[in-house]
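Trainee: The structure under discussion is supplied below as structure tokens; questions concerning it will follow.
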Amino acid sequence: ARSVPARDAAPQALRNLSPLTGKPVLYVANVDESEDAVPSVVADHAAAVGAAAVAISSRIEAELTELDDEEAATMREELGIGETGLDRVVRGAFGLLDLIAFFTAGEDKPAQSWHLRRGLTAWHAAGEIHSDIQRGFVRAEVIGWEALVDAGGYAPARDRGVLRLEGRDYRMTDGDVITVKFTP
């Protein structure tokens, strides 16, 4: 259904029917240990049908799961593998679906990850957290997760001036940490 053009008489038919074969597709190619790229036959097919492809070596990934984190990181570095296979699959899926990840965290709350379509605003992000927060949205405190970690928390980030106040039209970026101020 993905490759069938919509008829003029029913331009929204594909969206309304939502067929499984119309959904985005991500091919995960299991490659040999010596390869690090998607084989051209898979890449060509994926491109032809409007899909995406990611390469992982299941043998290497299986061996890495048996090691502790430090040893696995050392082995990845020696093999020239920058990230885990799972991270590559997740990154491929987020790219295919045009999603970003943002976080909520507080001084006394654990961090939580949320996802949002790329290009949406802080107001939309508030709605992902809770509809009441979106309705009462006043402003958002925003900081990139790396800047928050580098600062050592919210208080040092405020002292450094890297915590920003943004309005409802702020376009969220991948990795933002947001605290929404709202009226109940």
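A short reminder: the numbers here are calculations on the coordinates, not readings from a lab. Not measured: the values here are computed from a predicted model. When we count neighbours, we look across all protein chains shown, and the Cβ atoms used for this are built from the backbone with ideal geometry, even at glycine.
Trainee: Hey, what did region 70-150 get for relative contact order, percent, Cα under 8 Å, at least 6 apart?
Mentor: Relative contact order, region 70-150: 15 percent.
Trainee: Right, another one. Between S34 and A147, what is the spin-label point distance in nm, taking each point 7 Å from the Cα along the Cα→C-beta axis?
Mentor: 4.7
Trainee: Still on this structure: Let me make sure I get this right: for region 13-67, a, b and c are the square roots of the gyration tensor eigenvalues over alpha carbons, sorted descending. Under 1.5 in a/c it's rounded, otherwise prolate if a/b > b/c, else oblate. Which is it?
Mentor: Oblate shape, in that a/c is at least 1.5 and b/c is the bigger or equal ratio.
Trainee: If R0 is 41 Å, what FRET efficiency do you get for R160 and A62 from their C-beta distance, rounded to 0.05?
Mentor: 0.45
Trainee: Would you kindly state how much longer the chain becomes between H115 and L26 on full extension, computed as 0.36 nm times their sequence separation minus their alpha carbon distance, in nm to one decimal?
Mentor: Length difference between fully extended and current span is 30.2 nm.
Trainee: Now a separate question. In nm, to one decimal, how far is the modelled label at D132 from the one at T183, with both set 7 Å along Cα→Cβ?
Mentor: It is 1.7 nm.
Trainee: Further question on the same structure: Name the trypsin sites (Lys or Arg not before Pro) in region 59-152 that are in a loop by DSSP and that have at most 16 other C-beta atoms within 10 Å, would you?
Mentor: In loop regions of region 59-152 (DSSP not H, G, I, E or B), the sparsely surrounded trypsin sites (Lys or Arg not before Pro) are R118.
Trainee: Within the chain, which is the longest segment that contains none of the GluC sites (Glu not before Pro) sitting in a DSSP loop with at most 14 other Cβ atoms within 10 Å?
Mentor: Counting at most 14 other Cβ atoms within 10 Å as exposed, the longest clean stretch of the chain is 108-184.
Trainee: Just want to confirm a number: the relative contact order over the chain, from Cα pairs under 8 angstrom separated by 6+ residues, in percent.
Mentor: 17
Trainee: With the Cα gyration tensor of the chain giving a ≥ b ≥ c as the square roots of its eigenvalues, does the rule (a/c under 1.5 for rounded; else a/b larger than b/c for prolate; else oblate) give rounded, prolate or oblate?
Mentor: oblate
Trainee: Next up: Between A6 and L79, what is 0.36 nm times their sequence separation minus the Cα-Cα distance? Round to one decimal in nm.
Mentor: Between A6 and L79, full extension yields an extra 21.6 nm.
Trainee: Still on this structure: Taking square-rooted eigenvalues a ≥ b ≥ c of the alpha carbon gyration tensor, is region 42-105 rounded, prolate or oblate, where a/c under 1.5 means rounded and, failing that, a/b exceeding b/c means prolate?
Mentor: Since a/c reaches 1.5 but b/c is at least a/b, the shape of region 42-105 is classed as oblate.
Trainee: Based on DSSP, what percent of beta bridges with both residues in the chain are antiparallel, to the nearest 5?
Mentor: Taking every DSSP beta bridge within the chain, about 75 percent pair in antiparallel fashion.
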